[in-house]
Every structure is written in structure tokens, then in C-alpha cells.
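So the structure is just underneath, and the comments pick up after that.
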Amino acid sequence: MDIKIIGAGPGGLVTGLKLLEAGFRPTIIEKQKGIVSTLCAEGLSKETLSRVPFGPWDSYAAHSFKHATFIFPSGQKAYVQKPCYTMDRTSWFRAMAKAFEEKGGKLVLGENIDEKKFSELKYDVLVDATGPLSWISRRVVGNTMKIKPGVQYRMKIDYDYDGMEFFLDKRYSDEYSWIFMKGETANVGLLGSLKQLDAFIADKKLKGTIIRKEAYNIPFFGTKMQEGNVLLMGDAAGITNPLTKGGMACCIFAAEVLVQCVKDGKVGDYDRRLKAHPVLAKEYETALEYFMQMDNAVLDRIGDMVDGEDLTHMSAGLKAKLLAYALLNRRKMTTLMKAVSYCNKYSW
Ligand SMILES: Cc1cc2nc3c(=O)[nH]c(=O)nc-3n(C[C@H](O)[C@H](O)[C@H](O)COP(=O)(O)OP(=O)(O)OC[C@H]3O[C@@H](n4cnc5c(N)ncnc54)[C@H](O)[C@@H]3O)c2cc1C
């Protein structure tokens, strides 16, 4: 079967490796002359990484953490006790691309698939993994998605961190900000604008050198995943997690769905099967809306309740306390808690 994948980001590479593992011989076509990562905070859990048929990946993990930490406006901290990493994406992707070729996949570099080249492509199945700016997603498949800007500084800082840090504080971002250490440097960013990021850095008194400033789109709530045998993958599909905005795990789970459809001879089922997967759980829409409505007073009340807790093993008492607090919004809080548990498993 002639399977072509356009784009050698995490979506294209993981799909390629998983197809090889299943006995297919796909081709990946990438527009850049070499493999280079797009903007990312590079955070991923060990549990999800182990689903990628590539290893050992430890040398591409630039920083290891025993836990992720959620920090509330007044400094309360809740933990997710799960080993996780800041990956060095470019070197990791290059190593995966090399493994892809060694295992029999074909990699074509420096080939930008525009409309003319697309119309000339021969394939049985085409996977579009060209990221958030994909024209194939919009014009061939007819997908629509929401977009959130993500901004990040790569900084050299001397910082006393506590795990992989997520800041829930509406003074800086209406969603969240992050500091992910990466060896001697750190990925410091937020969902919002560069002006908001400057305010976050000033308030956190992060002193150091800014090595790089970047901004990029994060697409979510994609509506259509395929048109015939053209299948969308990763950001081209708009399947980034709506709450965490993590996209690599979504690529990994979606690649599993895609490969299973190909193996079953049911390529036409991809859209339906992916929408039935928890990666695209329907709870995310209400959960995001509810989270966006929360102000710092509400976040602090929640922070007081979860301070010092391990969110991976929330006691029945703590769950009941959270639900009781959200009495007026009990249904929404239940949905939010369900969405958060999906996030924990499927978004990083
Ligand atoms: C600020 C920020 C922080 C983030 N942090 C995290 C995080 O910590 N953890 C996480 O899991 N996710 C994070 N994400 C999301 C994550 O980076 C993306 O979801 C992920 O990179 C999507 O992978 P992809 O392969 O679908 O697309 P991309 O990574 O965009 O790769 C697309 C590839 O396709 C190639 N291409 C594009 N057009 C063409 C064409 N016409 N022809 C041929 N090739 C083409 C590109 O050159 C590129 O190599 C973050 C995103 C942002 C913006």
C-alpha cells in the first residue's frame, strides 16, 4: 500500500514509525532541508513517550522531572506525580527520522507540497501532518479549528524550580503560563501575548538572558479529520488538547487510531474512530469554558483545597470538597474534573 505522509514533525514521524511497526512502508515528505522542530515547550510524560516505537530516547530528554506542579495565584501547589521530560525536540526528531529510514521508510527532504505538487501526488492513503497552518486541512478536507497563540522565550536562567511548573494565574494568561527547565536553559512561556509574557517574567523576577523569542499558533477543536483517503494528523487536524494545549501526546494517540484503521482496511473509519477517542472527549468544551470563567479568587479557593495534594490520587474527600464548593456549578465542575483526568492520561 502506498502511504504518503506530508510533514516530519511529531505527527508525521510518529505515524511513520508506527506504520513501519505494523508492516507498512510509508514515505514522509518534509519541506525543510533538514529536520527542525517547530515552537514547543517540549514537555511530555514518560508514560506517553513509551508508546512511540523508538528508543532509547533518554538522551533526547534534556531535563527530567519526577512530577508536574500546578501553582495557584497565591502560591499554593498541587502535584501530578508522574515522571516527565523537557525533550530536546530537534535532536529527538532527527534521531526518529534516522530510525525511520533505517527501518525501511523513505524520507524526502526539501519538498514543499503546494497545490500543484499535491495534485500530482500518487497514493493509496495520504496523511497530512503539516501543522497548524495546513492548507490541505482547510482546502482539501474542509476542517475548521480554533486557534490560541502560544508565546515562549528560551532563557538562560538560574532558577530554583519545583518540577515541571504550570502557573494558573489570570494576571498573566487567561489559561496558564509555564517554566520548563531544559538543562541550563528554560522554556518560559504562556498562552497569550508577548506583553503578557514580559509581565510574567518581571513578576517572577526571572533574571537571565533571553536566547530566543517565539510565537506560534495552537489549534484545537478541529471538526473534520478526513476527506476520503486524505487523513489529518496532529495540528493539521486541530487535535491539540483544548485544556493543556499539549499536542505531542495527541499525535501519538491519533497515530495509533490511524494505523489501526489502515490495518483493519477501514481507512474510511478514521474520522469516526478518532472522535470517539478520549483525545477528543466531548467534555473538553464545557471544561474549557468553565475554566476560562474562573478568576483568581476562585483559583485561590481551589488552590487552598488542593495545596500539597497529589492530583493523580485525589481522595474521595477532596473530590467531594471540590464538588461542594462548586455547588451552583456542580455539573460543570464534574465535567471539568472528568476532563482533567483525561488530560492527565492523554495530553502529555
Ligand atoms: C508555545 C507552544 C508550546 C507548546 N508546548 C507543548 C508542550 O509542552 N507539549 C506538547 O505536547 N505540545 C506542545 N505544543 C504543541 C505542539 O508543539 C504541537 O502540537 C506539535 O508540534 C504538533 O505536531 P505536528 O507534527 O502536527 O506539526 P508541526 O510540529 O507543526 O510539524 C509540521 C511539519 O510539517 C512541515 N510542513 C509544513 N508544511 C509543509 C508542506 N506544505 N510540505 C511539506 N512539509 C510541510 C513543517 O516543516 C513541519 O516539519 C506547544 C505549542 C506551542 C505553540
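Values quoted throughout were computed directly from the atomic coordinates according to the rules given, and no laboratory measurement underlies them. Because the structure is a prediction, the values reported are computed rather than measured. When we count neighbours, we look across all protein chains shown, and the Cβ atoms used for this are built from the backbone with ideal geometry, even at glycine.
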Residue-by-residue Karplus 3J(HN,Hα) for the stretch 254-264, coefficients 6.51, -1.76, 1.60, Hz, glycine and proline x: 5, 4, 5, 5, 4, 5, 5, 4, 5, 4, 7
Gained length - Lys282 relative to Glu184, 0.36 nm times residue gap less alpha-carbon distance: 31.3 nm
Convex hull volume per residue in cubic angstrom - Cα atoms of the stretch 9-119: 129 Å³
The stretch 287-298 - phi-based ³J(HN,Hα) in whole Hz, Karplus 6.51/-1.76/1.60, Gly and Pro as x: 4, 5, 4, 5, 4, 5, 6, 6, 9, 5, 5, 5
Share of Cα-Cα pairs in the stretch 257-313 lying beyond 13 Å, as whole percent: 73 percent
Rounded FRET efficiency, nearest 0.05, which uses the C-beta distance separating Thr90 from Arg138 and R0 of 22 Å: 0.20
Low-density loop positions, GluC sites (Glu not before Pro), the stretch 174-216 - DSSP coil, at most 13 other Cβ in 10 Å: Glu184
Expected-Rg normalisation [2.2 N^0.38 Å, Cα atoms] applied to the stretch 283-346: 1.06
FRET efficiency, 1/(1 + (r/R0)^6) with R0 35 Å, evaluated for Leu318 and Lys205 via beta carbons: 0.65
Over the chain: Kirkwood hydrodynamic radius from C-alpha pairwise inverse distances, Å: 20.8 Å
Coil-residue chymotrypsin sites (Phe, Trp or Tyr not before Pro) of the stretch 271-310, DSSP, other Cβ within 10 Å capped at 16: none
Where a label projected 7 Å from the Cα of Glu47 along Cα→Cβ would reach, residues of the stretch 144-170 with amide N under 16 Å: 164
Against the rule of thumb 2.2 N^0.38 Å, how large the Cα Rg of the stretch 161-284 comes out: 1.31
Charged-residue dipole, Cβ positions (Lys, Arg, Asp, Glu), the chain about Cα centre, Debye nearest 20: 360 debye
Computed E for Ser193/Glu256 - FRET, C-beta separation, R0 41 angstrom, nearest 0.05: 0.70
Alpha-carbon Debye profile of the stretch 148-218, log10 I(q)/I(0) at 0.19, 0.21 Å⁻¹: -0.68, -0.84
Residues Cys251, Cys40 arranged by fewest to most Cβ contacts within 10 Å: Cys40, Cys251
Angle between the chain longest axis and helix 89-102 axis [Cα atoms, degrees, rounded to 10]: 30 degrees
Cα centroid of the stretch 92-128 to Cα centroid of the stretch 132-196, whole Å: 28 Å
Highest to lowest packing among 119-125, 154-160, scored as the average C-beta count within 10 Å: 154-160, 119-125
Amide H within-cut-off set for Ile28, under 5 Å, with H built and near neighbours excluded: Ile5, Lys106, Leu107, Val108
Within-15-Å neighbourhood charge of Val140 [Cβ basis; K, R +1; D, E -1]: 0
Proximal charge balance of Ile71 [Cβ under 12 Å; K/R count +1, D/E count -1]: -3
HN-Hα J in Hz across the stretch 56-71 - Karplus 6.51, -1.76, 1.60, θ = phi - 60°, x for Gly and Pro: x, 9, 3, 6, 9, 8, 6, 8, 10, 10, 7, 8, 9, 10, 9, 10
Proximal lysines relative to Lys266, as straight alpha-carbon distance under 22 Å, when same-chain residues fewer than 8 apart are discounted: Lys4, Lys18, Lys122, Lys224, Lys275
Summed side-chain charge close to Leu299 - residues other than Leu299 whose Cβ falls under 13 Å, Lys, Arg +1, Asp, Glu -1: -3
Cross-link pairs beyond the 25 Å C-alpha cut-off, checked among Lys204/Lys245; Lys103/Lys213; Lys245/Lys332: Lys103/Lys213
